[in-house]
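The values are calculated or read from the model by the stated rules, or taken from the named source; none is laboratory data. The model shown is predicted, which means the values in this text are computed figures rather than measured ones. All Cβ positions, even for glycine, are placed from backbone atoms using ideal geometry, and neighbour counts span all protein chains on display. Protein only, heavy atoms only, side chains kept; ligands, DNA and RNA dropped before computing areas. Shrake-Rupley method; radii C 1.70, N 1.55, O 1.52, S 1.80 Å.
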Protein chains: 2
Amino acid sequence: LRVLGELVFVGLGLFDEKDISLRGVEVIRRADAVFAEFYTSMMPRLSVQKLEEIAGKEIKIVSRQTLEEEEGKPILREAQKGKAAFLVPGDPLIATTHVDLRIRAEKQGIKTRVIHGASIVSAIVGLSGLQNYKYGRSVTIPFPEGDFVSETPYKVILENRVMGLHTLCYLDIKAEEQKYMTIKEGLQSLSDMEKRKKERVIILSTLVLGAARAGSNNPTVKAGYVGDVMNHDFGGPPHALVFPGKLHFMEAEALITLAGAPDQIRERLK
Amino acid sequence: LRVLGELVFVGLGLFDEKDISLRGVEVIRRADAVFAEFYTSMMPRLSVQKLEEIAGKEIKIVSRQTLEEEEGKPILREAQKGKAAFLVPGDPLIATTHVDLRIRAEKQGIKTRVIHGASIVSAIVGLSGLQNYKYGRSVTIPFPEGDFVSETPYKVILENRVMGLHTLCYLDIKAEEQKYMTIKEGLQSLSDMEKRKKERVIILSTLVLGAARAGSNNPTVKAGYVGDVMNHDFGGPPHALVFPGKLHFMEAEALITLAGAPDQIRERLK
(Lines give C-alpha, C1' and ligand atoms only; values in the text may rest on other atoms or scores of the structure.)
Protein backbone atom coordinates (compact mmCIF):
# COMPACT_ATOMS: atom_id res chain seq x y z
CA LEU A 1 0.00 0.00 0.00
CA ARG A 2 1.72 3.17 -1.20
CA VAL A 3 0.02 6.29 0.07
CA LEU A 4 2.70 8.88 -0.64
CA GLY A 5 5.08 9.37 -3.55
CA GLU A 6 8.81 9.70 -3.22
CA LEU A 7 11.51 11.67 -5.01
CA VAL A 8 15.11 10.52 -4.63
CA PHE A 9 17.94 12.81 -5.78
CA VAL A 10 20.81 10.59 -6.94
CA GLY A 11 24.34 11.93 -7.42
CA LEU A 12 26.13 10.59 -10.49
CA GLY A 13 29.63 11.70 -9.54
CA LEU A 14 32.20 13.22 -11.84
CA PHE A 15 33.15 11.40 -15.00
CA ASP A 16 31.02 8.61 -16.48
CA GLU A 17 28.20 6.16 -15.69
CA LYS A 18 30.48 4.13 -13.40
CA ASP A 19 30.66 6.92 -10.82
CA ILE A 20 27.24 6.17 -9.38
CA SER A 21 27.27 4.34 -6.04
CA LEU A 22 25.87 0.84 -5.46
CA ARG A 23 23.20 2.55 -3.33
CA GLY A 24 22.32 4.81 -6.27
CA VAL A 25 22.03 1.83 -8.62
CA GLU A 26 19.66 0.13 -6.17
CA VAL A 27 17.43 3.20 -6.07
CA ILE A 28 17.15 3.62 -9.83
CA ARG A 29 16.46 -0.08 -10.38
CA ARG A 30 13.53 0.14 -7.97
CA ALA A 31 12.19 3.47 -9.26
CA ASP A 32 8.96 3.76 -11.25
CA ALA A 33 10.33 6.70 -13.25
CA VAL A 34 13.89 7.94 -13.74
CA PHE A 35 14.84 11.46 -14.82
CA ALA A 36 18.27 13.04 -15.34
CA GLU A 37 19.74 16.44 -16.09
CA PHE A 38 23.14 17.17 -17.58
CA TYR A 39 23.29 20.97 -17.75
CA THR A 40 24.48 21.96 -14.25
CA SER A 41 27.81 20.10 -14.57
CA MET A 42 29.63 18.29 -17.32
CA MET A 43 30.34 14.56 -17.07
CA PRO A 44 32.81 14.06 -19.94
CA ARG A 45 32.23 10.39 -20.76
CA LEU A 46 28.77 9.67 -19.46
CA SER A 47 26.72 7.46 -21.79
CA VAL A 48 22.98 7.68 -21.14
CA GLN A 49 22.55 4.36 -22.92
CA LYS A 50 24.97 2.62 -20.56
CA LEU A 51 23.28 4.28 -17.62
CA GLU A 52 19.95 2.93 -18.91
CA GLU A 53 21.46 -0.56 -19.07
CA ILE A 54 22.55 -0.19 -15.44
CA ALA A 55 19.12 1.14 -14.46
CA GLY A 56 17.27 -1.47 -16.48
CA LYS A 57 14.87 1.20 -17.70
CA GLU A 58 14.47 4.32 -19.78
CA ILE A 59 15.89 7.59 -18.44
CA LYS A 60 14.12 10.82 -19.37
CA ILE A 61 16.50 13.74 -19.79
CA VAL A 62 15.10 17.05 -18.57
CA SER A 63 16.27 20.45 -19.78
CA ARG A 64 17.07 23.63 -17.91
CA GLN A 65 13.76 24.97 -19.17
CA THR A 66 11.78 22.07 -17.68
CA LEU A 67 13.46 22.55 -14.33
CA GLU A 68 13.61 26.31 -14.09
CA GLU A 69 10.69 27.67 -16.11
CA GLU A 70 8.30 24.73 -15.69
CA GLU A 71 9.49 24.20 -12.11
CA GLY A 72 10.19 20.51 -12.63
CA LYS A 73 6.50 19.62 -13.10
CA PRO A 74 7.03 16.39 -15.08
CA ILE A 75 9.25 15.07 -12.27
CA LEU A 76 6.83 16.11 -9.51
CA ARG A 77 3.89 14.49 -11.36
CA GLU A 78 5.64 11.11 -11.37
CA ALA A 79 6.82 11.54 -7.77
CA GLN A 80 3.25 12.17 -6.63
CA LYS A 81 2.05 8.79 -7.82
CA GLY A 82 5.09 6.60 -7.19
CA LYS A 83 8.83 6.39 -6.72
CA ALA A 84 10.77 8.82 -8.90
CA ALA A 85 14.54 9.12 -9.14
CA PHE A 86 16.27 12.25 -10.40
CA LEU A 87 19.87 11.76 -11.51
CA VAL A 88 22.19 14.74 -11.21
CA PRO A 89 25.94 15.09 -11.94
CA GLY A 90 28.20 15.38 -8.87
CA ASP A 91 26.53 15.59 -5.46
CA PRO A 92 22.90 16.26 -6.34
CA LEU A 93 21.94 19.31 -4.28
CA ILE A 94 24.90 21.58 -4.98
CA ALA A 95 22.90 23.35 -7.72
CA THR A 96 20.39 25.76 -6.15
CA THR A 97 17.73 24.87 -8.71
CA HIS A 98 17.57 21.32 -7.30
CA VAL A 99 17.17 22.59 -3.73
CA ASP A 100 14.21 24.56 -5.10
CA LEU A 101 12.75 21.35 -6.60
CA ARG A 102 13.22 19.54 -3.31
CA ILE A 103 11.37 22.28 -1.42
CA ARG A 104 8.50 22.14 -3.94
CA ALA A 105 8.27 18.37 -3.59
CA GLU A 106 8.19 18.47 0.22
CA LYS A 107 5.52 21.17 0.17
CA GLN A 108 3.37 18.87 -2.00
CA GLY A 109 3.74 16.04 0.54
CA ILE A 110 6.27 14.10 -1.51
CA LYS A 111 8.95 12.42 0.58
CA THR A 112 12.47 13.29 -0.58
CA ARG A 113 15.80 11.58 -0.09
CA VAL A 114 19.39 12.21 -1.22
CA ILE A 115 21.95 9.69 -2.47
CA HIS A 116 25.18 11.63 -2.38
CA GLY A 117 27.84 11.43 -5.08
CA ALA A 118 31.43 12.52 -5.58
CA SER A 119 31.65 16.25 -6.25
CA ILE A 120 34.25 18.67 -7.55
CA VAL A 121 33.73 20.48 -4.20
CA SER A 122 35.74 17.78 -2.41
CA ALA A 123 37.58 16.25 -5.40
CA ILE A 124 39.59 19.43 -5.98
CA VAL A 125 40.77 19.39 -2.36
CA GLY A 126 42.29 15.95 -2.88
CA LEU A 127 43.71 16.66 -6.32
CA SER A 128 45.32 19.93 -5.23
CA GLY A 129 46.78 18.49 -2.02
CA LEU A 130 45.81 21.77 -0.32
CA GLN A 131 44.15 21.37 3.08
CA ASN A 132 40.36 21.36 3.19
CA TYR A 133 39.99 23.71 6.17
CA LYS A 134 42.17 26.35 4.48
CA TYR A 135 39.80 26.86 1.55
CA GLY A 136 37.84 30.11 1.84
CA ARG A 137 34.62 30.70 -0.05
CA SER A 138 34.54 29.49 -3.63
CA VAL A 139 33.43 31.42 -6.70
CA THR A 140 32.48 30.87 -10.33
CA ILE A 141 34.26 32.76 -13.10
CA PRO A 142 31.38 33.51 -15.49
CA PHE A 143 31.42 34.07 -19.23
CA PRO A 144 31.05 37.82 -19.86
CA GLU A 145 27.47 38.95 -20.46
CA GLY A 146 27.85 41.43 -23.32
CA ASP A 147 30.12 44.18 -21.97
CA PHE A 148 29.59 43.25 -18.33
CA VAL A 149 32.43 41.43 -16.61
CA SER A 150 31.84 40.39 -12.98
CA GLU A 151 34.36 41.69 -10.43
CA THR A 152 33.31 39.04 -7.91
CA PRO A 153 35.93 36.33 -8.69
CA TYR A 154 38.76 38.89 -8.49
CA LYS A 155 37.47 40.22 -5.17
CA VAL A 156 36.91 36.77 -3.65
CA ILE A 157 40.44 35.60 -4.49
CA LEU A 158 41.84 38.79 -2.93
CA GLU A 159 39.70 38.53 0.23
CA ASN A 160 40.68 34.90 0.74
CA ARG A 161 44.35 35.58 0.10
CA VAL A 162 44.44 38.38 2.68
CA MET A 163 43.28 35.76 5.20
CA GLY A 164 45.86 33.23 3.93
CA LEU A 165 43.11 31.06 2.42
CA HIS A 166 42.90 29.13 -0.85
CA THR A 167 40.20 29.90 -3.46
CA LEU A 168 38.49 27.32 -5.66
CA CYS A 169 37.22 28.93 -8.86
CA TYR A 170 34.61 27.00 -10.79
CA LEU A 171 34.59 27.82 -14.49
CA ASP A 172 31.33 28.68 -16.21
CA ILE A 173 29.52 26.18 -18.40
CA LYS A 174 26.78 26.78 -20.94
CA ALA A 175 25.80 23.20 -21.59
CA GLU A 176 23.12 24.02 -24.19
CA GLU A 177 25.77 25.73 -26.33
CA GLN A 178 28.44 23.16 -25.39
CA LYS A 179 30.60 26.00 -24.07
CA TYR A 180 32.90 25.10 -21.17
CA MET A 181 35.29 27.77 -19.93
CA THR A 182 38.93 26.66 -20.05
CA ILE A 183 41.63 27.38 -17.49
CA LYS A 184 43.25 29.69 -20.03
CA GLU A 185 40.04 31.67 -20.52
CA GLY A 186 39.47 31.90 -16.78
CA LEU A 187 43.00 33.22 -16.20
CA GLN A 188 42.61 35.62 -19.11
CA SER A 189 39.39 36.98 -17.64
CA LEU A 190 41.10 37.60 -14.29
CA SER A 191 44.14 39.18 -16.00
CA ASP A 192 41.83 41.60 -17.82
CA MET A 193 40.31 42.56 -14.47
CA GLU A 194 43.84 43.00 -13.05
CA LYS A 195 44.49 45.70 -15.67
CA ARG A 196 41.51 47.65 -14.31
CA LYS A 197 41.82 46.99 -10.58
CA LYS A 198 45.61 46.73 -10.13
CA GLU A 199 45.48 45.02 -6.73
CA ARG A 200 48.09 42.44 -7.73
CA VAL A 201 45.66 39.52 -7.48
CA ILE A 202 47.02 37.95 -10.64
CA ILE A 203 50.53 38.93 -11.71
CA LEU A 204 53.42 36.98 -13.25
CA SER A 205 54.60 35.56 -9.92
CA THR A 206 51.12 34.45 -8.81
CA LEU A 207 50.95 30.73 -8.08
CA VAL A 208 47.91 28.96 -9.47
CA LEU A 209 46.72 25.38 -9.94
CA GLY A 210 44.62 24.11 -12.82
CA ALA A 211 42.78 20.78 -12.81
CA ALA A 212 40.97 19.12 -15.70
CA ARG A 213 38.67 16.06 -15.81
CA ALA A 214 38.65 15.34 -12.07
CA GLY A 215 37.38 11.81 -11.49
CA SER A 216 38.70 10.42 -14.79
CA ASN A 217 41.59 7.97 -15.07
CA ASN A 218 43.83 10.74 -16.38
CA PRO A 219 43.03 14.05 -14.75
CA THR A 220 45.50 16.80 -15.66
CA VAL A 221 46.67 18.76 -12.63
CA LYS A 222 49.33 21.44 -12.99
CA ALA A 223 50.50 24.09 -10.56
CA GLY A 224 52.88 26.91 -11.39
CA TYR A 225 53.12 30.60 -12.19
CA VAL A 226 50.26 32.13 -14.16
CA GLY A 227 52.02 32.15 -17.52
CA ASP A 228 53.08 28.50 -17.25
CA VAL A 229 49.62 27.32 -16.27
CA MET A 230 48.00 29.47 -18.96
CA ASN A 231 50.12 27.79 -21.63
CA HIS A 232 49.82 24.26 -20.24
CA ASP A 233 47.82 21.78 -22.32
CA PHE A 234 45.05 20.60 -20.00
CA GLY A 235 43.07 18.69 -22.63
CA GLY A 236 39.28 18.52 -22.62
CA PRO A 237 36.77 19.92 -20.13
CA PRO A 238 35.68 20.33 -17.42
CA HIS A 239 38.37 22.59 -15.98
CA ALA A 240 38.75 24.25 -12.57
CA LEU A 241 41.21 26.69 -10.99
CA VAL A 242 42.65 27.05 -7.50
CA PHE A 243 44.49 30.10 -6.15
CA PRO A 244 46.58 28.92 -3.19
CA GLY A 245 46.81 31.14 -0.12
CA LYS A 246 49.55 30.80 2.48
CA LEU A 247 51.19 27.40 2.10
CA HIS A 248 51.98 24.93 4.82
CA PHE A 249 55.12 22.82 4.29
CA MET A 250 53.19 19.73 3.21
CA GLU A 251 50.98 21.73 0.86
CA ALA A 252 54.07 23.02 -0.95
CA GLU A 253 55.38 19.44 -1.20
CA ALA A 254 52.04 18.32 -2.63
CA LEU A 255 52.03 21.08 -5.26
CA ILE A 256 55.60 20.17 -6.27
CA THR A 257 55.25 16.36 -6.26
CA LEU A 258 51.63 15.92 -7.36
CA ALA A 259 51.12 19.00 -9.55
CA GLY A 260 54.57 19.77 -10.97
CA ALA A 261 54.96 23.17 -9.29
CA PRO A 262 58.49 24.64 -9.43
CA ASP A 263 60.80 23.75 -6.52
CA GLN A 264 61.24 27.45 -5.72
CA ILE A 265 57.78 27.65 -4.16
CA ARG A 266 59.40 26.18 -1.03
CA GLU A 267 60.92 29.67 -0.59
CA ARG A 268 57.44 31.07 -0.04
CA LEU A 269 57.20 29.25 3.25
CA LYS A 270 59.91 31.42 4.81
CA LEU B 1 54.59 -6.89 -18.16
CA ARG B 2 54.16 -4.71 -15.10
CA VAL B 3 57.17 -2.52 -14.50
CA LEU B 4 55.75 -0.10 -11.95
CA GLY B 5 53.43 -0.56 -9.03
CA GLU B 6 50.26 1.40 -8.51
CA LEU B 7 48.38 2.77 -5.51
CA VAL B 8 44.75 3.72 -5.96
CA PHE B 9 42.98 5.74 -3.27
CA VAL B 10 39.30 4.72 -3.27
CA GLY B 11 36.62 6.79 -1.57
CA LEU B 12 34.00 4.77 0.31
CA GLY B 13 31.46 7.55 0.74
CA LEU B 14 29.44 8.25 3.85
CA PHE B 15 27.36 5.49 5.37
CA ASP B 16 27.89 1.82 4.51
CA GLU B 17 29.53 -0.54 2.01
CA LYS B 18 27.00 0.41 -0.69
CA ASP B 19 28.36 3.94 -0.99
CA ILE B 20 31.35 2.87 -3.08
CA SER B 21 31.05 3.67 -6.79
CA LEU B 22 30.95 1.07 -9.57
CA ARG B 23 34.38 2.40 -10.61
CA GLY B 24 35.65 1.81 -7.07
CA VAL B 25 34.34 -1.77 -7.08
CA GLU B 26 36.12 -2.41 -10.38
CA VAL B 27 39.41 -1.19 -8.92
CA ILE B 28 39.27 -3.29 -5.77
CA ARG B 29 38.28 -6.43 -7.70
CA ARG B 30 41.37 -6.04 -9.89
CA ALA B 31 43.74 -5.09 -7.06
CA ASP B 32 46.47 -7.42 -5.81
CA ALA B 33 46.17 -6.08 -2.26
CA VAL B 34 43.42 -4.07 -0.59
CA PHE B 35 43.86 -1.92 2.54
CA ALA B 36 41.36 0.24 4.41
CA GLU B 37 41.34 2.71 7.28
CA PHE B 38 38.35 3.73 9.38
CA TYR B 39 39.76 6.26 11.83
CA THR B 40 39.62 9.56 9.87
CA SER B 41 35.81 9.47 9.49
CA MET B 42 33.03 7.32 10.83
CA MET B 43 30.87 5.23 8.47
CA PRO B 44 28.03 4.17 10.78
CA ARG B 45 26.91 0.93 9.12
CA LEU B 46 29.91 -0.21 7.16
CA SER B 47 30.50 -3.95 7.33
CA VAL B 48 34.04 -4.95 6.41
CA GLN B 49 32.79 -8.46 5.73
CA LYS B 50 30.25 -7.22 3.18
CA LEU B 51 32.89 -5.02 1.63
CA GLU B 52 35.14 -8.09 1.33
CA GLU B 53 32.32 -9.93 -0.43
CA ILE B 54 32.01 -7.03 -2.88
CA ALA B 55 35.79 -6.95 -3.36
CA GLY B 56 36.08 -10.72 -3.63
CA LYS B 57 39.16 -10.64 -1.41
CA GLU B 58 40.50 -9.93 2.04
CA ILE B 59 40.77 -6.31 3.18
CA LYS B 60 43.57 -5.41 5.59
CA ILE B 61 42.58 -2.70 8.05
CA VAL B 62 45.37 -0.28 8.89
CA SER B 63 45.55 1.78 12.06
CA ARG B 64 46.42 5.42 12.63
CA GLN B 65 49.77 4.20 13.95
CA THR B 66 50.57 2.29 10.73
CA LEU B 67 49.75 5.35 8.65
CA GLU B 68 51.22 8.10 10.75
CA GLU B 69 54.11 6.60 12.72
CA GLU B 70 55.09 3.87 10.26
CA GLU B 71 54.32 6.18 7.32
CA GLY B 72 52.10 3.64 5.59
CA LYS B 73 54.97 1.24 4.87
CA PRO B 74 52.86 -1.96 4.55
CA ILE B 75 50.75 -0.25 1.88
CA LEU B 76 53.74 1.12 -0.01
CA ARG B 77 55.44 -2.30 0.02
CA GLU B 78 52.48 -3.88 -1.76
CA ALA B 79 52.12 -0.93 -4.14
CA GLN B 80 55.76 -1.28 -5.18
CA LYS B 81 55.25 -4.79 -6.48
CA GLY B 82 51.72 -4.64 -7.83
CA LYS B 83 48.35 -2.96 -7.78
CA ALA B 84 47.29 -1.83 -4.31
CA ALA B 85 44.00 -0.21 -3.38
CA PHE B 86 43.55 1.87 -0.24
CA LEU B 87 39.95 2.36 0.87
CA VAL B 88 39.14 5.52 2.79
CA PRO B 89 35.82 6.88 4.13
CA GLY B 90 34.38 9.88 2.24
CA ASP B 91 36.47 11.39 -0.56
CA PRO B 92 39.87 9.80 0.00
CA LEU B 93 42.29 12.73 0.08
CA ILE B 94 40.46 15.07 2.46
CA ALA B 95 42.59 13.79 5.36
CA THR B 96 46.08 15.33 5.22
CA THR B 97 47.71 12.09 6.29
CA HIS B 98 46.60 10.45 3.02
CA VAL B 99 48.02 13.31 0.94
CA ASP B 100 51.27 12.60 2.75
CA LEU B 101 51.05 8.91 1.77
CA ARG B 102 50.36 9.86 -1.84
CA ILE B 103 53.44 12.10 -1.94
CA ARG B 104 55.59 9.29 -0.47
CA ALA B 105 54.28 6.84 -3.06
CA GLU B 106 54.96 9.18 -5.99
CA LYS B 107 58.47 9.90 -4.72
CA GLN B 108 59.12 6.12 -4.75
CA GLY B 109 57.99 5.91 -8.38
CA ILE B 110 54.61 4.38 -7.55
CA LYS B 111 51.83 5.61 -9.82
CA THR B 112 48.86 6.95 -7.86
CA ARG B 113 45.24 7.49 -8.78
CA VAL B 114 42.11 8.69 -6.98
CA ILE B 115 38.58 7.28 -7.15
CA HIS B 116 36.48 9.99 -5.56
CA GLY B 117 33.62 9.32 -3.16
CA ALA B 118 30.77 11.25 -1.58
CA SER B 119 32.02 13.47 1.23
CA ILE B 120 30.48 15.41 4.09
CA VAL B 121 32.20 18.45 2.50
CA SER B 122 29.54 18.53 -0.25
CA ALA B 123 26.81 16.45 1.44
CA ILE B 124 26.25 19.08 4.12
CA VAL B 125 25.70 21.73 1.44
CA GLY B 126 22.85 19.71 -0.01
CA LEU B 127 21.34 18.69 3.32
CA SER B 128 21.41 22.25 4.68
CA GLY B 129 19.99 23.80 1.52
CA LEU B 130 22.46 26.67 2.02
CA GLN B 131 24.29 27.77 -1.11
CA ASN B 132 27.70 26.27 -1.77
CA TYR B 133 29.46 29.49 -2.75
CA LYS B 134 28.34 31.18 0.49
CA TYR B 135 30.24 28.79 2.75
CA GLY B 136 33.39 30.36 4.18
CA ARG B 137 36.24 28.28 5.54
CA SER B 138 35.28 25.25 7.60
CA VAL B 139 36.63 24.25 11.00
CA THR B 140 36.71 21.29 13.38
CA ILE B 141 35.49 21.64 16.97
CA PRO B 142 38.03 19.51 18.85
CA PHE B 143 37.67 17.65 22.11
CA PRO B 144 39.46 19.67 24.84
CA GLU B 145 43.06 18.60 25.45
CA GLY B 146 43.33 18.73 29.23
CA ASP B 147 42.63 22.36 30.18
CA PHE B 148 43.26 23.70 26.69
CA VAL B 149 40.20 24.67 24.66
CA SER B 150 40.84 25.91 21.11
CA GLU B 151 39.48 29.38 20.27
CA THR B 152 39.70 28.67 16.54
CA PRO B 153 36.12 27.43 15.92
CA TYR B 154 34.66 30.45 17.72
CA LYS B 155 36.86 32.83 15.73
CA VAL B 156 36.17 31.18 12.37
CA ILE B 157 32.38 31.33 12.85
CA LEU B 158 32.68 35.03 13.77
CA GLU B 159 34.96 35.88 10.82
CA ASN B 160 32.66 34.12 8.36
CA ARG B 161 29.55 35.73 9.83
CA VAL B 162 31.01 39.23 9.51
CA MET B 163 31.33 38.48 5.78
CA GLY B 164 27.78 37.06 5.64
CA LEU B 165 29.14 33.54 5.10
CA HIS B 166 28.05 30.15 6.45
CA THR B 167 30.39 27.98 8.55
CA LEU B 168 30.54 24.19 8.47
CA CYS B 169 31.86 22.82 11.76
CA TYR B 170 33.12 19.25 11.72
CA LEU B 171 32.92 17.57 15.11
CA ASP B 172 35.96 15.77 16.48
CA ILE B 173 36.22 12.00 16.41
CA LYS B 174 38.54 9.73 18.36
CA ALA B 175 37.85 6.50 16.56
CA GLU B 176 40.21 4.38 18.69
CA GLU B 177 38.22 5.34 21.79
CA GLN B 178 34.90 5.26 19.91
CA LYS B 179 34.33 8.89 20.90
CA TYR B 180 32.33 10.98 18.44
CA MET B 181 31.46 14.53 19.45
CA THR B 182 27.74 15.22 19.40
CA ILE B 183 25.98 18.37 18.24
CA LYS B 184 25.10 19.08 21.86
CA GLU B 185 28.74 18.79 22.96
CA GLY B 186 29.89 21.00 20.08
CA LEU B 187 27.36 23.71 20.96
CA GLN B 188 28.28 23.42 24.64
CA SER B 189 31.96 23.89 23.82
CA LEU B 190 31.17 27.05 21.83
CA SER B 191 28.84 28.35 24.57
CA ASP B 192 31.65 27.94 27.11
CA MET B 193 33.90 29.99 24.83
CA GLU B 194 31.13 32.61 24.52
CA LYS B 195 31.27 33.14 28.29
CA ARG B 196 34.95 34.05 27.98
CA LYS B 197 34.98 35.98 24.70
CA LYS B 198 31.53 37.64 24.74
CA GLU B 199 31.44 38.49 21.04
CA ARG B 200 27.87 37.21 20.65
CA VAL B 201 28.88 34.37 18.34
CA ILE B 202 26.54 31.95 20.07
CA ILE B 203 23.63 33.43 22.02
CA LEU B 204 20.01 32.35 22.48
CA SER B 205 18.85 33.89 19.19
CA THR B 206 21.67 32.37 17.13
CA LEU B 207 20.41 30.21 14.28
CA VAL B 208 22.20 26.90 13.84
CA LEU B 209 21.71 23.69 11.87
CA GLY B 210 22.63 20.21 13.04
CA ALA B 211 22.92 17.19 10.74
CA ALA B 212 23.43 13.56 11.73
CA ARG B 213 24.21 10.48 9.63
CA ALA B 214 24.48 12.23 6.26
CA GLY B 215 24.25 9.64 3.49
CA SER B 216 21.99 7.26 5.43
CA ASN B 217 18.35 6.61 4.59
CA ASN B 218 17.30 8.62 7.63
CA PRO B 219 19.63 11.54 8.24
CA THR B 220 18.40 13.88 10.98
CA VAL B 221 18.61 17.53 9.96
CA LYS B 222 17.29 20.24 12.26
CA ALA B 223 17.69 24.01 12.14
CA GLY B 224 16.60 26.40 14.87
CA TYR B 225 17.79 28.52 17.75
CA VAL B 226 20.70 27.19 19.77
CA GLY B 227 18.60 25.90 22.70
CA ASP B 228 16.19 24.03 20.43
CA VAL B 229 18.96 22.38 18.44
CA MET B 230 20.90 21.55 21.59
CA ASN B 231 17.90 19.67 22.97
CA HIS B 232 16.92 17.97 19.72
CA ASP B 233 17.39 14.20 19.55
CA PHE B 234 19.72 13.66 16.59
CA GLY B 235 20.33 9.95 17.19
CA GLY B 236 23.65 8.27 16.52
CA PRO B 237 26.87 9.70 15.05
CA PRO B 238 28.43 11.16 13.03
CA HIS B 239 27.15 14.68 13.68
CA ALA B 240 28.00 18.03 12.06
CA LEU B 241 27.04 21.67 12.66
CA VAL B 242 26.40 24.61 10.37
CA PHE B 243 26.23 28.26 11.42
CA PRO B 244 24.30 30.11 8.72
CA GLY B 245 25.46 33.58 7.67
CA LYS B 246 23.26 36.07 5.87
CA LEU B 247 20.33 34.19 4.35
CA HIS B 248 18.99 34.48 0.84
CA PHE B 249 15.22 34.03 0.43
CA MET B 250 15.51 30.48 -0.86
CA GLU B 251 17.98 29.50 1.84
CA ALA B 252 15.47 30.55 4.50
CA GLU B 253 12.77 28.52 2.73
CA ALA B 254 15.11 25.51 2.68
CA LEU B 255 15.85 25.80 6.41
CA ILE B 256 12.12 26.04 7.18
CA THR B 257 10.87 23.31 4.81
CA LEU B 258 13.76 20.84 4.86
CA ALA B 259 15.17 21.40 8.37
CA GLY B 260 12.19 22.49 10.46
CA ALA B 261 13.50 25.99 11.25
CA PRO B 262 10.93 28.37 12.79
CA ASP B 263 8.92 30.47 10.31
CA GLN B 264 10.14 33.65 11.99
CA ILE B 265 13.58 33.30 10.38
CA ARG B 266 11.99 34.86 7.27
CA GLU B 267 12.13 38.13 9.26
CA ARG B 268 15.92 37.98 9.17
CA LEU B 269 15.86 38.65 5.44
CA LYS B 270 14.56 42.18 5.93
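Things to note:
- Positions within the range A:79-96 being outside any loop (DSSP other than H, G, I, E, B) and either buried (at least 24 other Cβ atoms within 10 Å of the Cβ) or more than 10 Å from every other protein chain (Cβ to nearest Cβ) (or both), in sequence order: A:A79, A:Q80, A:K81, A:K83, A:A84, A:A85, A:F86, A:L87, A:V88, A:G90
- Residue check, A:A55 away from chain B (no Cβ under 11 Å), of a type in the set (A, V, I, L, M, F, W, C) and farther than 18 Å from A:H98 by Cα: yes
- Considering residues of the range B:104-121 that are at the interface with chain A (Cβ under 9 Å from one of its Cβ atoms) and not in a helix (DSSP H, G or I) only, the residue surrounded by the most Cβ atoms within 10 Å (Cβ to Cβ): B:A118
- For the range B:128-141, the set of residues classified as open to solvent by 10 Å² or more (accessible area, probe 1.4 Å) and either assigned to a helix (DSSP H, G or I) or modelled with pLDDT under 95 (or both) consists of B:N132, B:Y133, B:K134, listed by residue number.
- Take the conditions (1) within 20 Å of B:M42 (Cβ to Cβ); (2) in contact (Cβ under 8 Å) with a residue 60 or more places away in the chain; (3) in a helix (DSSP H, G or I); (4) away from every other protein chain (no Cβ under 11 Å); B:L76 misses just one of them, which is (1).
- Annotation note: of A:I183, A:I173, A:I124, the sole residue that is in contact (Cβ under 8 Å) with a residue 12 or more places away in the chain and open to solvent by 10 Å² or more (accessible area, probe 1.4 Å) is A:I173.
- Each residue in the range B:144-158 was checked for being at pLDDT 95 or above and surrounded by fewer than 16 Cβ atoms within 10 Å (Cβ to Cβ), and 3 pass.
- The range B:197-217, subset touching a strand residue (DSSP E or B) at 6+ places or on another chain (Cβ under 9 Å) and open to solvent by 50 Å² or more (accessible area, probe 1.4 Å), residue farthest from B:C169 (Cα to Cα): B:N217
- Among the residues of the range B:15-45, those identified as in contact with a Pro (Cβ under 8 Å, 6 or more places away or on another chain) and open to solvent by 10 Å² or more (accessible area, probe 1.4 Å) are B:F15, B:D16, B:F38, B:T40, B:S41, B:M42, B:M43, B:P44.
- Pairs where the first residue, in the range B:84-108, is over 17 Å from A:H248 (Cβ atoms) and the second is open to solvent by 40 Å² or more (accessible area, probe 1.4 Å) and among the aliphatic types (A, V, I, L, M), C-beta under 8 Å, 6+ apart: B:P89/B:M42; B:G90/B:I120
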